[in-house]
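Worksheet: one structure, shown below.
The values are calculated or read from the model by the stated rules, or taken from the named source; none is laboratory data. Computed from a predicted model, the values in this text were never measured in an experiment. All Cβ positions, glycine included, derive from the backbone under ideal geometry; neighbour counts span all protein chains shown. Areas reflect the complete protein model, heavy atoms only, side chains present, ligands, DNA and RNA absent. Shrake-Rupley method; radii C 1.70, N 1.55, O 1.52, S 1.80 Å.
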Amino acid sequence: KWMRYAEAGSEAVREYDWQAHRAIYHRLIKEITLPEIAPSAHDRLLVCDIDNTLLGDRAALREFLSWQQDHRQNVVLGIATGRSFHSAQAILAAENVPTPDVIISSVGSCVHWYDRDRRRFVEDAAWSNSLLRNWDPDALANLAVALGLEPQGFLEQKPGKASFFVGTADVNTLAEDLRRNGFVGETVISHGRYVDLLARGSGKGAAVEYVAQILGLEPNQVVVAGDSGNDIAMLRACQHPIIVGNASDGIRDHPALAHAYTARATHAAGILEGVQHFRKAGLW
Ligand code: GLC
Ligand code: MG
């Protein structure tokens, strides 16, 4: 354990030293100074979760990104994450992932489009506003705490997303208990630890469908990839879902995900394996 912790420490230091900072600055400066190539003839959308899907294996990520760079004219790259928008941007930048075309953050509560001409993200206000009807965070927090849930930090709370730790709540009956007490939104449980209560009609699945619709793409032009509980909604809603090899929360055996492609490879290599599967089968 000592050896593992000591090694992890020296690895963490490398992430924060001047070499690493220099690499990030160089990449960001390049992004600002080189002409941007936006998907021009896009006919496909690929949406990936971040933690334990796109990220988690750097060698696999490099391989995935080289495929993505070769296909960026046609394939719109989207991210769908439980993280907040800023946390998602920070981790993607730190891992040298080129700026995606769209970021779905806070488990589907926010959508940001990247404007390549102005080089900045723009929040999709129509999406966020559509979620706020009947959203009463105080009443929801009272109910959640009464059921044994413990609030996550302030930064994790967003309009349309109230997030908790499981605490002493019974995860098997939680969704039903909430419903019985008047909650009409979506209950998302991940890693046996996180509970997100989302506005009705929200979640990664609904957000991906919205993004595809804005892009004018049909359901069969969309592929999504994920690994855990908060990906179930988008994996279920999509015709061509990829479950990466390192998936958790029992999603491999989830009855509503029998149509998913379960990759043998893990993390970003699993995404690539799934993408190639759907390409070869002529489905995407
Ligand atoms: C991310 C978010 C957290 C959420 C979890 C599961 O860790 O930061 O708020 O509960 O994903 O969706
Ligand atoms: Mg994940």
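If you go through the stretch 190-235, how many residues are more than 16 Å from residue 84 (Cα to Cα) and part of a helix (DSSP H, G or I)?
17
Counting just the residues of the stretch 39-57 that are under 16 Å from residue 211 (Cα atoms) and open to solvent by 40 Å² or more (accessible area, probe 1.4 Å), which one comes out farthest from ligand 2 (Cβ to nearest atom)?
Checking each candidate, the answer is 43.
Conditions tested, residue by residue: (1) open to solvent by 10 Å² or more (accessible area, probe 1.4 Å); (2) within 15 Å of ligand 2 (Cβ to nearest atom); (3) under 24 Å from residue 103 (Cα atoms).
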{"residue": "198", "(1), (2), (3)": "no, no, yes"}
{"residue": "211", "(1), (2), (3)": "no, no, yes"}
{"residue": "214", "(1), (2), (3)": "yes, no, yes"}
{"residue": "224", "(1), (2), (3)": "no, yes, yes"}
{"residue": "236", "(1), (2), (3)": "yes, no, yes"}
{"residue": "258", "(1), (2), (3)": "yes, no, no"}
{"residue": "284", "(1), (2), (3)": "yes, no, yes"}
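Which members of the stretch 154-170 meet the condition of being aliphatic (A, V, I, L, M) and surrounded by 13 or more Cβ atoms within 10 Å (Cβ to Cβ)?
Once the filter is applied, which keeps residues that are aliphatic (A, V, I, L, M) and surrounded by 13 or more Cβ atoms within 10 Å (Cβ to Cβ), the stretch 154-170 yields 162, 166, 169.
Of everything in the stretch 58-79 that's over 21 Å from residue 119 (Cβ atoms) and among the hydrophobic types (A, V, I, L, M, F, W, C), which residue is most open to solvent (accessible area, probe 1.4 Å)?
59
Quick check on this structure: which one of 274, 250, 245 is modelled with pLDDT under 95 and either surrounded by 14 or more Cβ atoms within 10 Å (Cβ to Cβ) or within 14 Å of residue 227 (Cβ to Cβ) (or both)?
250
Do we have any residue at all in the stretch 157-173 that's within 11 Å of ligand 1 (Cβ to nearest atom) and in a loop (DSSP other than H, G, I, E, B)?
Within the stretch 157-173 (the criterion being within 11 Å of ligand 1 (Cβ to nearest atom) and in a loop (DSSP other than H, G, I, E, B)), the answer is yes, since at least one residue qualifies.
Which of (1) over 21 Å from residue 215 (Cα atoms); (2) in contact with a Leu (Cβ under 6 Å, 6 or more places away or on another chain); (3) assigned to a loop (DSSP other than H, G, I, E, B) is the odd one out, the single condition residue 64 does not satisfy?
It fails just one condition, (3).
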